[in-house]
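Accompanying notes for the structure given below.
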Amino acid sequence: MAIVEVSQLSKVYLRGNSRVDAIQDVSLVVEDGEFVTIVGPSGCGKSTFLHILGGFIPPSGGTMRVAGHQVRGPGPDRGMLFQDLALFPWCTVLGNAAWALEVQGKPREERIAIAERYLDLVGLLPFKHAYPAELSGGMKQRVALARLLAFDPAVLLMDEPFGALDAQTRELMQEELQRIWLQTRKTVLFVTHDIEEAVYLGDRVVVFTARPGRIKEVVTIDLHRPRELEIKKDLQFVQYRNRIWDLLREEFLRSRQGVTA
Amino acid sequence: MTLGRHGITTRSGSKKLSTSLPTASRSSTRLLFAWIYPAGSRFQSRLRWLVQALAVPVTALALWQLAASAGWLPSFLASPLAIGQQLVALTLSGELMVHMQASLYRSAAGLALGAGCGIGLGLLSGVSARVAGFFDPLVSLTYPVPKVAVLPVLIVWFGISDISKILIIAITCFYPCFIAALYGVRAVDPLWVWAARNMGARPHQVFFKVVVPAAAPQVFAGLRVALALAYVMMFASEIIGSSNRTGLGFLIINADASGRFDLMFAAIVVIALLGFASDRLLLALRRRLLTGQLIAEELHRAQHST
């Protein structure tokens with residue numbers, strides 16, 4: 001069943017007399033429970049695409065439906081994991097994880113039980129009374145993920161969530177995210193600039209062109225799950241990676257020409 | 001301290017309690033200290049802090065008292081002992097209580113009124129351009145006016161009553177609170193608002209559960225300034241006059257008029273102590289309410305100072 005249906009989506013920014021086409025004619029159908037990763041050259045509008053889907057930015061044209069409903073603004077059916085996490089520093093870990101349930105008016109015991117369940121899932125239950133500032137980067141990621149899962153969105157929108165982490169933590173978080181995804185089977189749209197991350201996590205990898213962002217190609221990743229981190233050394237994995245790298249290189253070159261022209 | 005199998009041991013495991021006094025080769029007070037309070041104990045570090053904090057004032061008081069006893073001081077500078085005696089007498093007669101109550105009532109009521117309006121309107125101006133359009137120019141225009149200048153006007157309207165005092169304190173406290181709240185809101189990370197809306201928060205929930213706590217550190221900074229100003233204004237309005245002859249400011253000006261300098265200094269000491277105590281109270285409240293943000297601030301500073 002298709003849960004996300006995007007059709008001919010475009011976004012144009014007008015500043016005075018200048019016109020910037022951020023994304024153009026993007027159409028994408030995502031099945032329920034699918035993990036779709038999105039890669040593209042920097043500035044190609046992949047984050048803009050995610051923000052439009054989240055309802056934070058209105059599109060200039062096209063339609064998008066999530067679970068059959070037209071997107072008309074932010075809502076808890078599409079949970080967003082921001083690049084900068086946006087954890088609330090005045091709330092404890094538990095307070096952050098239970099925040100969405102609190103504004104939804106769930107009774108106290110119920111929301112604590114749900115939040116604790118997801119903190120346990122990400123392995124942070126022992127730190128529930130800590131404040132975000134007391135945690136490491138990877139731990140903050142886990143809190144943000146638990147906060148997201150706790151309000152049970154139909155679709156998870158992740159905007160380069162591991163971009164700020166060091167290489168080792170990033171790999172561990174990729175493995176962790178796959179484990180959690182296999183347990184929850186949420187639909188995920190995951191934006192990244194890391195090709196290995198995209199291949200490792202995705203059922204499909206959507207490759208964006210340089211600005212204006214269009215879908216250049218969608219690569220289906222036919223690798224068994226759960227994927228071990230060692231899979232990154234497998235020939236099949238490396239072939240996928242090289243293929244996407246070649247696609248992206250054309251775009252990098254094209255965007256460079258665009259700059260020099 | 002835990003009661004172990006092998007008798008009493010201190011928490012840090014040291015057995016200082018049973019050791020005898022070492023030979024007095026080094027500073028004997030320090031050794032006595034270490035003997036009574038085991039090294040690293042919380043009590044010892046607190047005591048050391050107290051000794052350091054009190055060293056200068058106690059020495060100054062001692063010199064002052066010595067000079068007074070020797071008769072070197074003019075009559076308008078009362079000795080610490082005389083001031084202390086006066087404080088005790090004032091407390092015992094219940095007179096101090098009456099004046100303190102009157103002053104505290106005026107400053108607390110003025111602060112509550114001024115800070116309440118200031119914080120409320122400041123927060124609203126921060127989130128709504130329309131509200132800001134009403135108040136921001138008005139505040140900018142009236143901010144530089146010395147607030148004491150309004151006091152004669154208020155006295156004409158309300159007499160030298162409590163009302164004129166409370167109002168002048170409220171007006172004074174309004175400004176720092178309004179400005180702190182307004183800029184506190186303007187500095188709120190818009191990503192927090194996005195995240196809140198993403199989680200299904202309604203506008204009023206975004207306001208009370210994101211904007212208010214996010215602006216709280218700045219609001220507290222404004223409150224602290226307002227608190228100090230409330231005492232200044234309380235004193236200023238009371239020395240101008242008090243219809244029911246109460247208040248610490250009135251006590252001071254009355255003592256001054258009758259040449260009772262010991263009484264005057266006693267009242268000044270009480271004002272200083274009250275100011276100090278209420279500032280500490282506010283800081284404790286801040287520590288309790290803003291734990292998470294204070295930790296973040298501290299870590300941020302620690303990371304950027306190295």
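The values are calculated or read from the model by the stated rules, or taken from the named source; none is laboratory data. Computed from a predicted structure; not experimentally measured. Glycine gets a Cβ as well: all are built from the backbone with ideal geometry, and neighbour counts include every protein chain shown.
Looking at this structure, is residue B:156 free of Cβ contacts under 8 Å to residues at least 24 places away in the same chain, assigned to a helix (DSSP H, G or I) and either away from chain A (no Cβ under 11 Å) or in contact with a helix residue (DSSP H, G or I) (Cβ under 9 Å, 6 or more places away or on another chain) (or both)?
Yes, satisfied.
Return a yes/no flag: does the stretch B:180-190 have any residue that is modelled with pLDDT of 95 or more, under 20 Å from the mean Cα position of the chain (by Cα), buried (at least 18 other Cβ atoms within 10 Å of the Cβ) and not aromatic (Phe, Trp, Tyr).
Checking the stretch B:180-190: at least one residue is modelled with pLDDT of 95 or more, under 20 Å from the mean Cα position of the chain (by Cα), buried (at least 18 other Cβ atoms within 10 Å of the Cβ) and not aromatic (Phe, Trp, Tyr).
At negative phi and within 11 Å of another protein chain (Cβ to nearest Cβ), is that true of residue B:197?
Yes, satisfied.
Taking helices (runs of 4 or more DSSP H) that fall entirely within the stretch B:202-294, which contain at least 3 residues that are within 14 Å of another protein chain (Cβ to nearest Cβ) and touching a Leu at 6+ places or on another chain (Cβ under 7 Å)?
Correct list: B:212-240.
Within the stretch A:224-239, track down each residue that is over 20 Å from the mean Cα position of the chain (by Cα) and either surrounded by 10 or more Cβ atoms within 10 Å (Cβ to Cβ) or part of a helix (DSSP H, G or I) (or both).
A:228, A:230, A:231, A:232, A:233, A:234, A:235, A:236, A:237, A:238, A:239
For the stretch A:107-149, give me each residue that is without any contact (Cβ under 8 Å) to a residue 60 or more places away in the chain, within 11 Å of chain B (Cβ to nearest Cβ) and out of contact with any Lys or Arg (no Cβ under 7 Å at 6 or more places or on another chain).
The answer is A:129, A:130, A:131, A:133, A:134, A:135.
Going through A:54, A:75 one at a time, which residue ends up being farther than 30 Å from residue B:288 by Cα, at the interface with another protein chain (Cβ under 8 Å from one of its Cβ atoms), modelled with pLDDT under 90 and in contact with a helix residue (DSSP H, G or I) (Cβ under 9 Å, 6 or more places away or on another chain)?
A:75
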